[in-house]
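Asker: Can you keep this structure in mind? I'll have questions shortly.
The values are calculated or read from the model by the stated rules, or taken from the named source; none is laboratory data. Just so you know, these numbers come straight off a predicted model, no measurement behind them. Don't worry about glycine lacking a Cβ; one is built from the backbone with ideal geometry, like all the others, and counts go over all protein chains shown.
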Amino acid sequence: MKRFTAALGGTVLASAMAFAATGAQAQNFVNVLTGGTSGVYYPLGVGLSNIYGENIDQVRTQVQSTKASVENLNLLQDGRGEIAFALGDSVAAAWEGDADAGFPEPLDKLRGIAAIYPNYIQLVALEDSGATTLADLSGMGVSVGAPASGTELNARAILGAAGMSYDDLGKTEYLPFAESVELMKNRQLDATLQSAGLGVASIRDLSTSVPITVLEIPAEIAETLGAPYQAATIPAGTYDGQDADVPTVAISNYLVTHSDVTEEMAYQMTKLLFENIETLTSSHQAAAQIALENALDGMPVPLHPGAERYYREQGLVE
């Protein structure tokens, strides 16, 4: 009987240890929340997932394609992801709570990892539509991004600053990047607004399929909107047939986590991001614009203690 009791005790102890080990491993899971597969978030998320998987001990990574900023931030609040890409205006709206932006209540678990690269508001029309400026979209069919996505929030802001609304458009479609492009190829839409890094795959695909015009968004739009929006330029040659620089508006992207992620995990995620920018750039050229000196610029939410620890080591935080 004593032998059975001891054996049973050993079994219980072994089970408890196995459970503890399982629990510890479960904390070493990183789900990277991105966006549509034809955008910039997704390939960068794949690159980041690979970097984490190869450099963090006993970690299991996953990349999740989503509707991007708004969905990502809500998923983080619910603990259904460990790190996410999101636009600055969406992050600010989530922290403060903005029902119109998709956040009925403030998302108080959000924590900052880093400011990364700017999204450029890229407004592209079929060349044969005749549109060359934002104002020319009146009466035309335009896709403004997936419903309540970061892109769609940007579209509302840009049109509003120009004294326009969706009512001024001939038809408004709420579609992800790739679907918007397919409708344009089939002449079922005149234009698409896409908030993404330069050289986004969807617009590159469109520009190689049909003649396009990259529409100007004047600097005064950025001045009207104010921070976090800023005047920017889409350089000539970014897309096939784009022979000149085009003025537009940009807004910063951020990597965000949540307060239940451990300090060590957040530290590693931050550190490995900046130690592997060259590797990440091979996933998408937008990563070339990520710079340590800009990592804290305009951060709309409190830093995660793990990220703060890394920046303190780098002399960015006292």
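Asker: Exactly one condition in (1) out of contact with any Pro (no Cβ under 7 Å at 6 or more places or on another chain); (2) surrounded by 22 or more Cβ atoms within 10 Å (Cβ to Cβ) is not met by Val63; state its number.
Answerer: Against the list (1) out of contact with any Pro (no Cβ under 7 Å at 6 or more places or on another chain); (2) surrounded by 22 or more Cβ atoms within 10 Å (Cβ to Cβ), Val63 comes up short only on (2).
Asker: Taking the options Leu87, Leu153, Leu134, name whichever one is modelled with pLDDT under 95, within 16 Å of the chain's Cα centre (by Cα) and assigned by TED's automatic domain parsing to the domain that holds Val181. It would help to see each step written out before you state the result.
Answerer: Numbers: Leu87 fails: assigned by TED's automatic domain parsing to the domain that holds Val181; Leu134 fails: within 16 Å of the chain's Cα centre (by Cα).
Step by step, each of Leu87, Leu153, Leu134 is checked, and only Leu153 is modelled with pLDDT under 95, within 16 Å of the chain's Cα centre (by Cα) and assigned by TED's automatic domain parsing to the domain that holds Val181.
Asker: So, one more: Does any residue of region 290-302 turn out to be closer than 16 Å to Gly112 by Cβ, in a helix (DSSP H, G or I) and in contact (Cβ under 8 Å) with a residue 40 or more places away in the chain?
Answerer: Within region 290-302, one or more residues are closer than 16 Å to Gly112 by Cβ, in a helix (DSSP H, G or I) and in contact (Cβ under 8 Å) with a residue 40 or more places away in the chain.
Asker: With the checklist (1) modelled with pLDDT of 95 or more; (2) surrounded by 16 or more Cβ atoms within 10 Å (Cβ to Cβ); (3) outside any loop (DSSP other than H, G, I, E, B) in hand, flag the one item Asp128 doesn't pass.
Answerer: (2)
Asker: Which residues, counting only those in region 60-110, are assigned to a strand (DSSP E or B) and either under 22 Å from Ser283 (Cβ atoms) or not aromatic (Phe, Trp, Tyr) (or both)?
Answerer: Filtering region 60-110 down to residues assigned to a strand (DSSP E or B) leaves 60-64, 83-87, 98, 103, 110.
Once the filter is applied, which keeps residues that are assigned to a strand (DSSP E or B) and either under 22 Å from Ser283 (Cβ atoms) or not aromatic (Phe, Trp, Tyr) (or both), region 60-110 yields Arg60, Thr61, Gln62, Val63, Gln64, Ile83, Ala84, Phe85, Ala86, Leu87, Asp98, Leu110.
Asker: When you scan region 270-287, do you find a residue that is in the same structural domain as Leu44 (by TED's automatic domain parsing), of a type in the set (Asp, Glu) and either under 20 Å from Val59 (Cβ atoms) or not in a helix (DSSP H, G or I) (or both), even just one?
Answerer: Checked against the condition, which is being in the same structural domain as Leu44 (by TED's automatic domain parsing), of a type in the set (Asp, Glu) and either under 20 Å from Val59 (Cβ atoms) or not in a helix (DSSP H, G or I) (or both), region 270-287 yields at least one hit.
Asker: If Asp260 meets every condition in (1) assigned to a helix (DSSP H, G or I); (2) in contact (Cβ under 8 Å) with a residue 60 or more places away in the chain; (3) out of contact with any helix residue (DSSP H, G or I) (no Cβ under 9 Å at 6 or more places or on another chain) apart from one, which number is that one?
Answerer: All conditions pass for Asp260, except number (1).
Asker: Restricting the search to region 263-287, which residues are over 26 Å from Ala201 (Cβ atoms) and either touching a Cys at 6+ places or on another chain (Cβ under 7 Å) or in contact (Cβ under 8 Å) with a residue 60 or more places away in the chain (or both)?
Answerer: Listed by number, the residues that qualify are Met265, Ala266, Gln268, Thr270.
Asker: Look at Ser129 and say whether it is of a type outside the set (A, V, I, L, M, F, W, C), touching a residue at least 60 places away in the same chain (Cβ under 8 Å), assigned by TED's automatic domain parsing to the domain that holds Pro218 and in contact with an Asp or Glu (Cβ under 6 Å, 6 or more places away or on another chain).
Answerer: Judged against the criteria, Ser129 is a match.
Asker: Any idea how many residues of region 233-266 are among the aromatic types (Phe, Trp, Tyr) and over 20 Å from the mean Cα position of the chain (by Cα)?
Answerer: We begin by selecting, within region 233-266, every residue among the aromatic types (Phe, Trp, Tyr); these are 239, 254.
Of the ones still in play, those that are also over 20 Å from the mean Cα position of the chain (by Cα) are 239.
Here the count works out to 1.
Asker: Further question: From the list Asp108, Asp57, which residue is farther than 23 Å from Glu278 by Cα and of a type in the set (D, E, K, R)?
Answerer: Working: Asp57 fails: farther than 23 Å from Glu278 by Cα.
Within the list Asp108, Asp57, the selection yields Asp108.
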